[in-house]
Protein chains: 2
Amino acid sequence: MISLDLACDVVALTRALVDIPSESGHEAPLADAVEAALRALPHLTVDRIGNSVVARTDLGRPQRAVFAGHLDTVPAAGNLPSVLRDDCVHGLGACDMKGGVAVALRLAATVPAPTRDLTYVFYECEEVEGDRNGLHRIADRHPELLAADLAVLMEPSDAGIEAGCQGILTAAIVVRGERAHTARSWKGVNAAHLAAPVLQRLHDHRPERVVINGLEYREGLSAVAVRAGVAGNVVPDECVVTVNSRFAPSRSPEEAEAYVRKLFPEYEVLVTEIVPGALPGLDRLAGLVAALGATPRPKLGWTDVARFAALGTPALNYGPGDPTLAHTAGEYVPVEQLRSCEERLSSWLSP
Amino acid sequence: MISLDLACDVVALTRALVDIPSESGHEAPLADAVEAALRALPHLTVDRIGNSVVARTDLGRPQRAVFAGHLDTVPAAGNLPSVLRDDCVHGLGACDMKGGVAVALRLAATVPAPTRDLTYVFYECEEVEGDRNGLHRIADRHPELLAADLAVLMEPSDAGIEAGCQGILTAAIVVRGERAHTARSWKGVNAAHLAAPVLQRLHDHRPERVVINGLEYREGLSAVAVRAGVAGNVVPDECVVTVNSRFAPSRSPEEAEAYVRKLFPEYEVLVTEIVPGALPGLDRLAGLVAALGATPRPKLGWTDVARFAALGTPALNYGPGDPTLAHTAGEYVPVEQLRSCEERLSSWLSP
């Protein structure tokens, strides 16, 4: 088994994590190394659930915080092993999110008596289908392990605070017609032609900008796919427009669905995916925000903070790395951000 | 080798032809049988070109007519061998177009001294890509074999006369945008949304009805495919609407293309297929039409009559079987139509 030295500095630790490959579904070697390193720390109680690892202090503090980070990466793209260049760690997962995991592991090792009890969650399968997600599985089967007053998700946020997140709705709008040979097209009803108003309505739609805790969650409603076609000489009898809605976390999934249905009352609307967003909850995170010394921004895009929100736990995204570099072959994380995240969180946890 | 008895009646001959499988590309056994049967007739000169067979009289008549029929069928659909039921021959190709081939073979065998010289063309690969089409290959390499004053294509026409045919144009209308993550959709330009006017214009378009020789060729312009979509969370940067135009044979391919381009001046239009139609040419077919005793109808849908039109030879579709049954598993040809087609053509060829 590869061993991790949590006593080495956050940059070396980030590189060590990058150099243990852990594509989704293949996290076992990294989870083994993380588990062993945490079990070596006497102030932590460690649980292993699949290839996820949970470690907790139990100091009787009045407040408990979660630090969570996923262990998996997207597939490699010629970006292993890690390289330190221009004061940045380059390599698969450096940004998304082994830099954040390194920061959390450093806190676990170096802050044995934090001012609030801590739960560290290092989990598998964040980059794949939601039902394989390690955090989802723990929430589903061992929710008591996640009980806390607040949570920090170590997703790359450029070492800033990204609060809450939008919800997601995906739906198929089905337009129906009637087939015919194109040589006698007037005998059919062209479903593709009838889809024009659907696309025009999407074009004309002006998404709302919803302000919550002073943060603007700008919504979006986009056609992400259009599919029609039977054969080159056939009037198509079906045209499916797939729409993706990103809705403000103040809307419930039910409200988001009703919104889309109301926009397309005369069509068949099949909702295929709907996940709630996460309210920023900044009123309950004021102390942490002050300690981190950054002005919160709204998170655009869905993250696992929504899983904490669903448990009633306010959570924010805070981690080193530019989120727009996630999943790119050239992803990297700046050394300065690794250090500042570790320092800010460490001082928040210190008396 | 399977032998064909051209002396048996047209119904038995149709069944014998159906019972020699000849899916496109696998016509050799049937072409062998047809070639052998024709070579046994002393009044015919026979040429074999690939799996196509051409047989000619050379009686010095002032006029020459072509009878043409394809030997191939679409793939079998559990509809072999042939069955005679309810006064119809059922089975693969019975309608499209072994019934018509049987009629032509019967004429070849029973009318040794026709009133006009005859060229029989039994050809391969009509049901597949145009460049494999046997008639196309003969026209391309041995056009002298097709020289004639008129042609009869034995396509199923319900034993009626279907004259000329529409031309075909297929084009891709490309709408471009700019990709973005759907969580920040306003940073992109949704190509699918921008395709709305293309589809609306197709919906609003009123195709023309062009009358030629008293026959109405109704045109059509149909979206046959719409394709957009990169991923479920990406604003698509391209939407392609494929349109299929069926244009009156009085329009040249150039005019047909200009028509479509004029309708979509602001979009990229990529023409992928364009084939001219065939004028009905009834003024040059009056004698034949009178002999067949049917009122000509316009042919909607493209057939190989257009290949004869391109050679300057007026041609019509005339054969047994309901054209709407072509390519269906349940295709059949009525005995009554087999007999009436044989009788009408035989009497046109007899003094």
Can you list the copy-to-copy distances for residue B:62, using a point 7 angstrom from Cα toward Cβ, in nanometres, shortest first?
11.9
I need the chymotrypsin sites (Phe, Trp or Tyr not before Pro) found in segment B:116-215, filtered to DSSP loop residues with at most 11 other beta carbons within 10 Å of theirs.
none
Residue of A:225, A:291, A:31 that the Gaussian network model of chain A assigns the largest fluctuation, springs spanning Cα pairs under 10 Å:
A:225
With Cα atoms, 0 to 90° folded angle of helix A:28-39 axis to chain A main axis
40
Averaged over residues of B:193-206, the number of beta carbons from other chains lying within 10 Å of each residue's Cβ is 6
Regarding chain A, what are the three Cα extents along the principal axes, ordered largest first, in Å?
78, 43, 40
How big is the C-alpha Rg of segment B:221-278 next to the rule-of-thumb value 2.2 N^0.38 Å, as a ratio?
1.39
Fewest first, what order do B:245, B:24 take by the number of other Cβ atoms within 10 Å?
B:24, B:245
Order of B:70, A:181 - criterion: other Cβ atoms within 10 Å of each residue's Cβ, fewest first:
A:181, B:70
Please list, ordered by chain and number, the residues whose modelled amide H lies under 5 Å from the amide H of residue B:24; skip anything fewer than 5 residues away on the same chain.
B:73
Helix A:253-263: inclination vs chain A longest Cα principal axis, degrees, rounded to 10, gives 30
Listed residues B:262, B:299, B:98; largest mean-square fluctuation, Gaussian network over chain B with Cα springs below 10 Å, found at B:262
Mean Cα-pair separation over length for chain B, i.e. relative contact order, pairs under 8 Å, 6 or more apart, %:
23
Sorting A:181, B:107, A:156 by the position of each Cα along the dipole of the protein assembly as shown (Lys, Arg +1; Asp, Glu -1; all at Cβ), the one nearest the positive end of that ordering is A:181
Any chance you could list P(r) for the protein assembly as shown, counting all Cα-Cα pairs in 10 angstrom bins from zero, rounded to whole %?
3, 13, 18, 14, 11, 10, 10, 10, 7, 3, 1, 0
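Could you give the length gained on full extension between residue B:172 and residue B:80, defined as 0.36 nm per residue of separation minus the Cα-Cα distance, in nm?
That pair, residue B:172 and residue B:80, stretches by 29.2 nm at full extension.
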Can you list the distances in nanometres, one decimal and ascending, from the residue B:270 label point to the identical position in each other copy, with the point 7 Å along Cα to Cβ?
2.9
Under the convention of a label 7 Å out along Cα→Cβ, give the distances in nm from residue B:149 to the same position in every other copy, shortest first.
10.6
Value in Å of the Kirkwood radius, where segment B:1-44 supplies the Cα pairs that are averaged
11.0
Which whole number in µm²/s is D for segment A:167-275 by Stokes-Einstein, with the Kirkwood Rh taken over Cα pairs at 10 °C and 1.306 mPa s?
106
Helix-only [θ]222 nm of the protein assembly as shown, DSSP H runs n ≥ 4, -39500 (n - 2.57) each, per residue, nearest 500
-7500 deg cm²/dmol
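Roughly how crowded by other chains is peptide A:183-190, in terms of the mean Cβ count from those chains within 10 Å of each of its Cβ atoms? Kindly include the intermediate steps, with their values, before the conclusion.
Values: counts 13, 7, 11, 6, 2, 2, 0, 8.
Other-chain Cβ atoms within 10 Å of each residue's Cβ, averaged: 6.
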Among A:27, A:127, A:273, residue whose mean-square fluctuation peaks in a GNM of chain A (springs only between Cα atoms under 10 Å)
A:273
per DSSP, antiparallel bridges as share of beta bridges in the protein assembly as shown, % nearest 5, sits at 75
Rg/Rg_globular for segment A:8-120, with Rg_globular taken as 2.2 N^0.38 Å and Rg from C-alpha atoms
1.09
Computed magnitude of the charge dipole of the protein assembly as shown (debye, nearest 20; Cβ of K, R +1, Cβ of D, E -1):
1220
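How many percent of DSSP beta bridges within chain A run antiparallel, rounded to 5?
Details: 50 of 67 bridges.
Of those bridges, close to 75 percent are antiparallel.
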Taking segment A:254-314, the equivalent ellipsoid from its C-alpha gyration tensor has semi-axes in Å, biggest first, of 33, 12, 9
Segment B:119-165: C-alpha pair distances exceeding 12 Å, %:
69
Once both axes come from the Cα atoms, what is the angle between helix B:99-110 and the longest principal axis of chain B, in degrees from 0 to 90, rounded to 10?
30
Taking the Cα centre of segment B:167-275 as origin, sum charge times position over the Cβ atoms of Lys and Arg (+1) and Asp and Glu (-1), and report the length of that vector in debye to the nearest 20.
320
Roughly how many whole Å is it from the C-alpha centroid of segment A:102-136 to that of segment A:223-252?
38
For segment A:166-207 versus segment A:39-94, the gap between their alpha-carbon centres in whole angstrom
46
What ranking do A:73, B:182 get, fewest neighbouring Cβ atoms within 10 angstrom at the top?
B:182, A:73
Relative contact order of segment B:167-275, defined on C-alpha pairs under 8 angstrom at six or more residues apart (%)
43
How crowded by other chains is A:50-60, given as the mean number of beta carbons from other chains within 10 Å of each beta carbon?
0
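Readers should treat all values here as calculations from the given coordinates under stated rules, not as data from a laboratory. The structure presented is a predicted model; accordingly, all values stated were derived computationally and were not measured. Cβ sites come from the backbone with ideal geometry, for glycine too, and all protein chains shown count toward neighbours.
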